[in-house]
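The values are calculated or read from the model by the stated rules, or taken from the named source; none is laboratory data. Just so you know, these numbers come straight off a predicted model, no measurement behind them. Ideal geometry is used to build each Cβ from the backbone, glycine not excepted, and the neighbour counts take in all protein chains shown.
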Amino acid sequence: MSHHVTRPVHSGILVLDYGSQYTLLIARRLRELGIYAEVIDGTSKEPPADFTAHAIILSGGPDSVYEVGSRRLPPWVLAAGKPVLGICYGMQLLVEGFGGALRSGEGREYGRGQLKLEAQIPGPGAAMFAGTPASQTVWMSHGDDVAKMPADLAVAGRSDDGVVAAVVHRTLPIIGLQFHPEVNHSEFGADMLSHFVRKVAKADLNWDSGSMLQATLNYIRESVKDGHVLVACSGGVDSTVAAALLAKALGPERVTAVFCDQGLMRKDEVSWVSNALKKLGLSHVEVLDSRHTFLSALAGVTDPETKRKLIGRLFIEEFERYATGHKAEFSHLGQGTLYPDVIESAGHGAGAKVIKSHHNVGGLPERLKLKLCEPLRYLFKDEARQLGFQLGLPADMVDRHPFPGPGLAVRILGDITEERLHILREADAIFIQALREHDLYDKVWQAFAVLLPVKSVGVMGDNRTYQMTIALRAVTSTDAMTAGVGDLPMSFLTHVAAAIVKKVDGVNRVVYDITTKPPATIEWE
Ligand code: XMP
């Protein structure tokens, strides 16, 4: 796929990725501070030609500097003469780069730790710590530690066990932190990053929702020129915001939103989404009625992976059928791809991760010979949400919980039938509405009902019942990689259970899923 997309702004902080699970979080934190940050492969042979880095941050990573094949610091980093902050493995690269030595294993620290700052910290790096307490909680996650300090660097802080936890260059704006300032558990981490940007790098802030919107609109206009865009909408936040941006940048006449109703959406979702798209000023909104195609293909399919693959393939086929019929009208295919997907699929982290992509349109752009336009490809989800608000999207659209591409199919365990879809839709709607009414919707990251292939005995009035079971799931999370159990009040849960059993025919029992991810996943299939 060709992704030669001009970046939204041409200066900011460059984050070099060495495979840490926190690399993207570093970039997000910087942007929250108001400076544009971009992630590139930590072993890149040269810096991006069209980007002015005010400072460079080296991420953590799973390697050991002495390991064969470990990721190395490219020579241009220190030669550039810019302020540098090395975090965790990034600090170890700096220590080694200046001639110090590391050792494996002895100073291993994981989780919360205590940072004790030195009374005197030399050099311009000292500004990073100014105003933070001499003893503070930090988040550690490292196996190696410093065995020998290089002459140019000084220890700025140690952990309780005496392990070197922070270093500064004696004369240059170069700093290394063994802990993770980007993680919320580091008490003064956000302050330190802010000091680094403003006091050490003295960088101009250039990233707020106004500049973000302008940059995104410019990007769309420059890349689409006088073309027309076909945008695949799922009803989720990302594709809706992308469609809204396209309409604003190009005018509603040059954007067609296509929404595929596969029969697996939630109660009233199809009309709600198509109305929301029309309200955005999109004059061309096509709802493909693909219910029969999907539901007949899914009849009798119970294996989760088979369901997912089938739905992914049908979705592409349906979309392709529409696009082929209207191909002459379009130059570009619009998608709501976000920055984390771009970085993860670039795979310069600890090994390329497989991203969930089947509600994206896969290899379609090549087959249809359409160019790709991805207005959000440099943005994080919270930034896409901010743009959504700025464009006037309704709050209940912008704040929506995520919903999986395969829809309710992965929330009906076993056979998918119209009857079972109806039961799940009703139960889910009761749960979600109750969450909203009790001000709990925004307290959890995602919530939904699942229909189990389990019948059990109950009693209603004087009658014995033998009916189906609904599981309620509500999780807390930041990125879906891990999830906690939503701490919903028991009185609320029993209220929802009573409402579901009373109003939804065929259900006599409701359970609450209290498993974290891992070991479970968020969805049941
Ligand atoms: P799991 O079940 O893997 O889900 O813990 C993590 C998050 O991803 C969502 N999800 C999907 N999203 N296409 C999507 O766009 C999919 O196939 C898909 N499967 C899971 C899920 O709802 C949760 O937010």
> Quick one: LYS267 ticks every box in (1) modelled with pLDDT under 90; (2) in contact with a helix residue (DSSP H, G or I) (Cβ under 7 Å, 6 or more places away or on another chain); (3) not aromatic (Phe, Trp, Tyr) bar one, so which box is it?
Replying inline: (1)
>> Every residue in region 390-430 that is surrounded by fewer than 17 Cβ atoms within 10 Å (Cβ to Cβ) and within 11 Å of the ligand (Cβ to nearest atom), please.
In response: PRO402
> Do you know which residues across region 129-168 are farther than 11 Å from VAL95 by Cβ, over 31 Å from the mean Cα position of the chain (by Cα) and part of a strand (DSSP E or B)?
Replying inline: SER135, ALA154, ALA156, GLY157, ARG158, SER159, VAL168
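Does region 274-289 include one or more residues that are within 16 Å of the ligand (Cβ to nearest atom) and out of contact with any Cys (no Cβ under 7 Å at 6 or more places or on another chain)?
Looking for residues that are within 16 Å of the ligand (Cβ to nearest atom) and out of contact with any Cys (no Cβ under 7 Å at 6 or more places or on another chain), one finds none in region 274-289, hence no.
For residues that are of a type in the set (A, V, I, L, M, F, W, C) and modelled with pLDDT of 95 or more, scanning just region 171-191, find the one that is surrounded by the most Cβ atoms within 10 Å (Cβ to Cβ).
First, pick out the residues of region 171-191 that are of a type in the set (A, V, I, L, M, F, W, C): 172, 174-175, 177, 179, 183, 188, 190.
If we keep only those that are modelled with pLDDT of 95 or more too, we end up with 172, 174-175, 177, 179, 188, 190.
Values: LEU172: 17, ILE174: 25, ILE175: 32, LEU177: 30, PHE179: 30, PHE188: 18, ALA190: 16.
For region 171-191, the residue satisfying everything is ILE175.
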>> Report every pair of residues separated by at least 6 positions or lying on different chains whose Cβ atoms are under 6 Å apart, first residue within region 219-243 and over 22 Å from GLN386 (Cα atoms), second part of a loop (DSSP other than H, G, I, E, B) and of a type in the set (S, T, N, Q).
In response: GLY227/SER331; HIS228/SER331
> Would it be correct to say that VAL200 is over 24 Å from ARG71 (Cα atoms), among the β-branched types (Val, Ile, Thr), touching a helix residue (DSSP H, G or I) at 6+ places or on another chain (Cβ under 8 Å) and modelled with pLDDT of 95 or more?
Replying inline: yes
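Inspect all residues belonging to region 451-471 and state whether any of them is within 13 Å of the ligand (Cβ to nearest atom) and either out of contact with any helix residue (DSSP H, G or I) (no Cβ under 9 Å at 6 or more places or on another chain) or within 17 Å of ILE500 (Cβ to Cβ) (or both).
No, because not a single residue in region 451-471 is within 13 Å of the ligand (Cβ to nearest atom) and either out of contact with any helix residue (DSSP H, G or I) (no Cβ under 9 Å at 6 or more places or on another chain) or within 17 Å of ILE500 (Cβ to Cβ) (or both).
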>> Looking at region 456-483 only, could you name the residues that are part of a loop (DSSP other than H, G, I, E, B), in contact with a Leu (Cβ under 9 Å, 6 or more places away or on another chain) and either without any contact (Cβ under 8 Å) to a residue 60 or more places away in the chain or buried (at least 18 other Cβ atoms within 10 Å of the Cβ) (or both)?
In response: THR478
> Taking region 183-217 only, how many residues are in contact with a strand residue (DSSP E or B) (Cβ under 9 Å, 6 or more places away or on another chain) and among the hydroxyl-bearing types (Ser, Thr, Tyr)?
Replying inline: 1
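Look through region 386-420, keep the residues that are in contact with a strand residue (DSSP E or B) (Cβ under 7 Å, 6 or more places away or on another chain) and in a helix (DSSP H, G or I), and return whichever of them is farthest from MET468 (Cα to Cα).
Out of the qualifying residues, it is ARG411.
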>> Condition (residue is within 25 Å of MET265 (Cα to Cα), free of Cβ contacts under 8 Å to residues at least 60 places away in the same chain, surrounded by 14 or more Cβ atoms within 10 Å (Cβ to Cβ) and touching an Asp or Glu at 6+ places or on another chain (Cβ under 6 Å)) applied to region 491-506: is it met by at least one residue?
In response: no
> Under 7 Å by Cβ, and 6 or more places apart or on different chains, what pairs join a residue from region 396-423 that is without any contact (Cβ under 8 Å) to a residue 40 or more places away in the chain with one that is within 14 Å of the ligand (Cβ to nearest atom) and small (Gly, Ala, Ser)?
Replying inline: none
> So which helices (runs of 4 or more DSSP H) stay within region 234-334 end to end and still have 2 or more residues that are within 25 Å of the chain's Cα centre (by Cα) and crowded, with 16+ Cβ neighbours inside 10 Å?
Replying inline: 237-250, 269-279, 304-325
> Out of region 390-436, which residues are among the small types (Gly, Ala, Ser) and more than 27 Å from the chain's Cα centre (by Cα)?
Replying inline: GLY414, ALA427
> Take the residues of region 86-127 that are part of a strand (DSSP E or B) and of a type in the set (Ser, Thr, Tyr): which is modelled with the highest pLDDT?
Replying inline: SER104
> From the residues in region 360-376 that are under 16 Å from the mean Cα position of the chain (by Cα) and within 16 Å of the ligand (Cβ to nearest atom), which one is modelled with the lowest pLDDT?
Replying inline: ASN360
> How many of the residues making up region 128-140 are modelled with pLDDT of 95 or more and surrounded by 19 or more Cβ atoms within 10 Å (Cβ to Cβ)?
Replying inline: 4
> Scanning for something within 16 Å of the ligand (Cβ to nearest atom), in contact with a strand residue (DSSP E or B) (Cβ under 9 Å, 6 or more places away or on another chain) and either assigned to a strand (DSSP E or B) or not acidic (Asp, Glu) (or both), does region 491-511 turn up at least one residue?
Replying inline: no
